[in-house]
Amino acid sequence: MYAGLGKRMMNDGKMETNMTEENISKLSKLLEDVEQHVLCCDELDPWGGDEMRPAFLEACTGGAMLIARVFQIDPNIVGQFQRLKALPELDDDDLTATEKPKGSQNMARWAEIWGQTLELATELESARPFCASLTESKKKWAEEPDERIDFKEASQKLIGCLLYDLLDVLAEVDPEEHPSLRLQMLCSYLKELRVEFIWDGHVRGPCRTECIPSQCQFDKLPANTKGQLTAVHGGRQHEFTFTTDAGEEFECRVNNIGVKNYRTILNEIWDAATGKLETHPEDGTAAWAFTEQECIQNLEAYASLITDLLKPLSPLPDYSESARAIRALIRDGKGRWAKGSHVEWSFLGELDKLITDLERQSKAS
């Protein structure tokens, strides 16, 4: 997803890392925090005003802190990252602190570190001056959000690379000795599959104009009209098409401020559990449709990877039931994801519940 589906390659040899019990525990916590930062980057609003600057600054300092923690836990790990090969070029003298930076001068330095990291890892040439501008209170943001969007996309890519590389490192840990860690990794990949599902699945369902959220401002759409709404994620914007029963089509685009916001819009239209309009349940049910080959390939890649990671857990008595539940859901009960698939609206809720249950089991183990 954020790193362009960083497909994991299984290595023939073991990585030479200092995998002590303490380090494994630290890396497990780091994985959890990286996941949170993935959400932080996803929910940045490039179209906001000056009030959004603290959120962008938080993305800088939070990301730099995560990179610093990798260096501190085990510097040798950094050299083994497949997608972040540029990180050893960073000045690791600046990456020894683990406390959140305090004071404007310190914040500026950490923002600069994130800018430097973006330039090295994603080749975003304007990253350092953009990050430096976040702590300059008198600087006016550009009216057009292009520079902010570039920063957001580069940050998403970089933090996604960190997520995938961290998962690669953790995959080398013996799953029989650390099964809860393997379950945590599976949760991470299930979350990635879920985002791919939401982001690139097309939604089609019954709709009435009275049910459409205020964010979706259709041009000249007649009031109290019945029809079908199709929702598509289109990169920087979500695309919505309303087709009336008479065959007229109306289009709308809503700025992309994260998968959470997008899903909220969909849930405001259709009931999250049933896919029906709450005020007109007799109109039918919304469903997910998958028509893009790239999306199907990504979903299948995640499902295959998850299946491989499951193999060592399946024979373990405490994890066999969870393994069965994951296998039953990752392809919607089918042999493979296939182009043209139609999936019931409830699938996403079932996937959310499975992830919650597995996280609870992982933490309790």
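Being at pLDDT below 95 and either basic (Lys, Arg) or closer than 18 Å to residue 258 by Cα (or both): is that true of residue 45 here?
Working: at pLDDT below 95: yes; either basic (Lys, Arg) or closer than 18 Å to residue 258 by Cα (or both): yes.
Yes: the conditions hold for residue 45.
Residue 154 is checked against (1) surrounded by fewer than 18 Cβ atoms within 10 Å (Cβ to Cβ); (2) at pLDDT below 95 and fails just one. What number does that condition carry?
(1) is the only condition that residue 154 fails.
I'd like to check something: does the range 181-196 contain any residue that is over 27 Å from residue 336 (Cβ atoms) and crowded, with 17+ Cβ neighbours inside 10 Å? Steps first, answer last, please.
In the first step, residues of the range 181-196 are kept if they are over 27 Å from residue 336 (Cβ atoms); the result is 181.
Going one step further and asking which of them are crowded, with 17+ Cβ neighbours inside 10 Å, we end up with 181.
Yes, the range 181-196 contains at least one residue that is over 27 Å from residue 336 (Cβ atoms) and crowded, with 17+ Cβ neighbours inside 10 Å.
Filter the range 258-308 down to the residues that are without any contact (Cβ under 8 Å) to a residue 60 or more places away in the chain and more than 16 Å from residue 210 (Cβ to Cβ) and list them by number.
264, 267, 293, 296, 297, 300, 304, 307
Looking at the range 154-161, is at least one residue among the charged types (D, E, K, R) and either part of a helix (DSSP H, G or I) or in contact with a strand residue (DSSP E or B) (Cβ under 9 Å, 6 or more places away or on another chain) (or both)?
Step one: filter the range 154-161 for residues among the charged types (D, E, K, R), giving 157.
Those left that are additionally either part of a helix (DSSP H, G or I) or in contact with a strand residue (DSSP E or B) (Cβ under 9 Å, 6 or more places away or on another chain) (or both): 157.
Yes, some residue in the range 154-161 is among the charged types (D, E, K, R) and either part of a helix (DSSP H, G or I) or in contact with a strand residue (DSSP E or B) (Cβ under 9 Å, 6 or more places away or on another chain) (or both).
Looking at the range 138-148, is at least one residue surrounded by 19 or more Cβ atoms within 10 Å (Cβ to Cβ) and either free of Cβ contacts under 8 Å to residues at least 24 places away in the same chain or in a helix (DSSP H, G or I) (or both)? Explain how you work it out, then say what you get.
Going residue by residue through the range 138-148, those that are surrounded by 19 or more Cβ atoms within 10 Å (Cβ to Cβ) are 148.
Those left that are additionally either free of Cβ contacts under 8 Å to residues at least 24 places away in the same chain or in a helix (DSSP H, G or I) (or both): 148.
Checked the range 138-148: at least one residue is surrounded by 19 or more Cβ atoms within 10 Å (Cβ to Cβ) and either free of Cβ contacts under 8 Å to residues at least 24 places away in the same chain or in a helix (DSSP H, G or I) (or both).
Mind checking which residues of the range 320-362 are more than 30 Å from residue 205 (Cα to Cα) and touching a residue at least 24 places away in the same chain (Cβ under 8 Å)? Show your work before the answer.
Just the residues of the range 320-362 that are more than 30 Å from residue 205 (Cα to Cα), to begin with: 320-324, 358-362.
Within the range 320-362, 322, 358, 359, 361, 362 meet the criteria.
Within the bounds of the range 252-266, is there any residue that is hydrophobic (A, V, I, L, M, F, W, C) and part of a strand (DSSP E or B)?
Taking the range 252-266 as the starting set, the residues that turn out to be hydrophobic (A, V, I, L, M, F, W, C) are 252, 254, 257, 259, 265-266.
Filter again for part of a strand (DSSP E or B), leaving 252, 254.
Within the range 252-266 (the criterion being hydrophobic (A, V, I, L, M, F, W, C) and part of a strand (DSSP E or B)), the answer is yes, since at least one residue qualifies.
Would you pick out the residues in the range 34-50 that are surrounded by 15 or more Cβ atoms within 10 Å (Cβ to Cβ) and in a helix (DSSP H, G or I)?
Across the range 34-50, the qualifying residues are 34, 35, 37, 38, 40, 41, 42.
The values are calculated or read from the model by the stated rules, or taken from the named source; none is laboratory data. Keep in mind that what you see is a predicted model, and the values were worked out from it rather than measured. Quick reminder, even Gly has a Cβ in these numbers, built from the backbone with ideal geometry, and neighbours come from all protein chains shown.
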